[in-house]
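Peer 1: Mind looking over this structure? Questions follow.
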Amino acid sequence: MTMLKKIAAAVLCALAIVAAMSPGAIAAETEIRGNDKASVDITNAADGYIRITHKDDPKAKLKVIIVTPKKTQYTYNLKAGAEGEVFPLTEGNGTYAVGVYKNTSGTKYSVVYKTDIDVKLRDEFAPFKAPNQYINYTDKSKTVEKAKELVKEKKTDLDKVTAVYDYVIKFKYDKDKAANVQSGYLPNVDEIIAADPQKGICFDYAAVMTAMLRSQGIPSQLVVGYAGETYHAWINVYTKETGWIEGYIQFDGKTWKRMDPTFDSTGKSGEAARAFIGDGKNYAAKYYY
């Protein structure tokens, strides 16, 4: 064995030991696929997310399309730049087809790079415990700091969920924003909670709540679909005490009831709204983030 090979072997061995001591804390090696225009970093695919970067044309109009093992097609906008953006892998184990596309004219796009990723998650909840393009936060985010403050005295996950819920439903529903929101809009959770008054649309409510819960180790899903005939966003939450709670939940002191945060904040949480929200048939989930 050459000296170079010995050094490489020693480094890999050391990384493997560290990884064994702290499962999931460090990847044994980085795996990046791509070409001279785009790259797909699949190092954290087992943790439920990938990072995609386009580095060719900073003014390019770009799309990312991810087709899941169940053949659901997720379409995202992608900002060009060296940092790239994070996208979730939300349908568990299986093969995901990932493509990066560049606009050529009108609604036409050409392929920049495509690859298939075979995913085996370390943890079934992994995609719903990490930030991504839609639920974008870091350890230093004001949203995370606020979440820590809200749950500081709470002993159970159910108590933490309730504390976050009670905080977010005090936001004012932004009717002007709802009427003028543009396609491709993404919530900025820190801007939303820093605003005075705090306000937003259903996507904002769900993003803030999901970011807060995930930052505190509570798996949660931002769901986009239909409430009746209305395109809508809500969240599902997992706790050890309840399992997955779909359509969100409000605790009345005795039982948990299905409660969508947007309906509650807009004053529609009377018996009729509760009955509507409580009937799972009124919710048709389309995408999970």
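Peer 1: Go through the stretch 211-231 and give me each residue that's under 26 Å from SER141 (Cα atoms) and not in a helix (DSSP H, G or I).
Peer 2: Result: GLN216, GLY217, ILE218, PRO219, SER220, GLN221, LEU222, VAL223, VAL224.
Peer 1: Moving to a separate point now. Return the residue satisfying two criteria in turn: it lies in the stretch 105-133 and is modelled with pLDDT of 95 or more and of a type in the set (Ser, Thr, Tyr), and of such residues it is nearest to the chain's Cα centre (by Cα).
Peer 2: Only one residue fits best here, namely THR115.
Peer 1: Could you list, in sequence order, the residues of the stretch 48-67 that are touching a residue at least 24 places away in the same chain (Cβ under 8 Å), more than 18 Å from the chain's Cα centre (by Cα) and part of a loop (DSSP other than H, G, I, E, B)?
Peer 2: Once the filter is applied, which keeps residues that are touching a residue at least 24 places away in the same chain (Cβ under 8 Å), more than 18 Å from the chain's Cα centre (by Cα) and part of a loop (DSSP other than H, G, I, E, B), the stretch 48-67 yields LYS55, ASP56, ASP57, ALA60, LYS61.
Peer 1: Please pick out the residue among ASP166, ASP123 that is among the acidic types (Asp, Glu) and surrounded by 14 or more Cβ atoms within 10 Å (Cβ to Cβ). Break it down stepwise before answering.
Peer 2: Working: ASP166 fails: surrounded by 14 or more Cβ atoms within 10 Å (Cβ to Cβ).
Going through ASP166, ASP123 in turn, just one is among the acidic types (Asp, Glu) and surrounded by 14 or more Cβ atoms within 10 Å (Cβ to Cβ): ASP123.
Peer 1: Looking at ILE235, is it buried (at least 19 other Cβ atoms within 10 Å of the Cβ), farther than 22 Å from ASP139 by Cβ and modelled with pLDDT under 90?
Peer 2: Working: buried (at least 19 other Cβ atoms within 10 Å of the Cβ): yes; farther than 22 Å from ASP139 by Cβ: no; modelled with pLDDT under 90: yes.
Spelling it out, it is not the case that ILE235 is buried (at least 19 other Cβ atoms within 10 Å of the Cβ), farther than 22 Å from ASP139 by Cβ and modelled with pLDDT under 90.
Peer 1: While we're here: Right, ASP41: under 29 Å from LEU121 (Cβ atoms) and at pLDDT 75 or above or not? Outline the logic, then answer.
Peer 2: On the way: under 29 Å from LEU121 (Cβ atoms): yes; at pLDDT 75 or above: yes.
So ASP41 fits the description; yes.
Peer 1: Report whether or not ASP139 is acidic (Asp, Glu) and either in contact with a Leu (Cβ under 8 Å, 6 or more places away or on another chain) or assigned to a helix (DSSP H, G or I) (or both). Even if it seems obvious, please write down each step before you answer.
Peer 2: Details: acidic (Asp, Glu): yes; either in contact with a Leu (Cβ under 8 Å, 6 or more places away or on another chain) or assigned to a helix (DSSP H, G or I) (or both): no.
Considered against the rule, which asks whether it is acidic (Asp, Glu) and either in contact with a Leu (Cβ under 8 Å, 6 or more places away or on another chain) or assigned to a helix (DSSP H, G or I) (or both), ASP139 comes out as no.
Peer 1: A follow-up question, please. Output the residue which, of all residues in the stretch 95-124 that are free of Cβ contacts under 8 Å to residues at least 40 places away in the same chain and in a loop (DSSP other than H, G, I, E, B), is farthest from VAL40 (Cα to Cα).
Peer 2: Here the residue is GLY106.
Peer 1: Still on this structure: Can you name the number of the only condition in (1) buried (at least 20 other Cβ atoms within 10 Å of the Cβ); (2) in contact with a Gly (Cβ under 9 Å, 6 or more places away or on another chain) that VAL151 fails?
Peer 2: (2)
Peer 1: While we're here: Quick one: which of ALA97, ALA147, ALA126 is farther than 20 Å from LYS55 by Cβ, touching a strand residue (DSSP E or B) at 6+ places or on another chain (Cβ under 7 Å) and aliphatic (A, V, I, L, M)?
Peer 2: Working: ALA147 fails: touching a strand residue (DSSP E or B) at 6+ places or on another chain (Cβ under 7 Å); ALA126 fails: touching a strand residue (DSSP E or B) at 6+ places or on another chain (Cβ under 7 Å).
ALA97 is the lone residue from the list that is farther than 20 Å from LYS55 by Cβ, touching a strand residue (DSSP E or B) at 6+ places or on another chain (Cβ under 7 Å) and aliphatic (A, V, I, L, M).
Peer 1: What tally of residues in the stretch 238-263 results from selecting those that are modelled with pLDDT of 75 or more and of a type outside the set (Phe, Trp, Tyr)?
Peer 2: Let us first name the residues in the stretch 238-263 that are modelled with pLDDT of 75 or more, namely 238-246.
Among the residues that remain, those that are also of a type outside the set (Phe, Trp, Tyr) are: 239-243, 245-246.
Number of matching residues: 7.
The values are calculated or read from the model by the stated rules, or taken from the named source; none is laboratory data. A quick note: this is a predicted structure, and the numbers were derived from the prediction, not measured. Please note: Cβ atoms are built from the backbone with ideal geometry, for glycine as well, and neighbour counts cover all protein chains shown.
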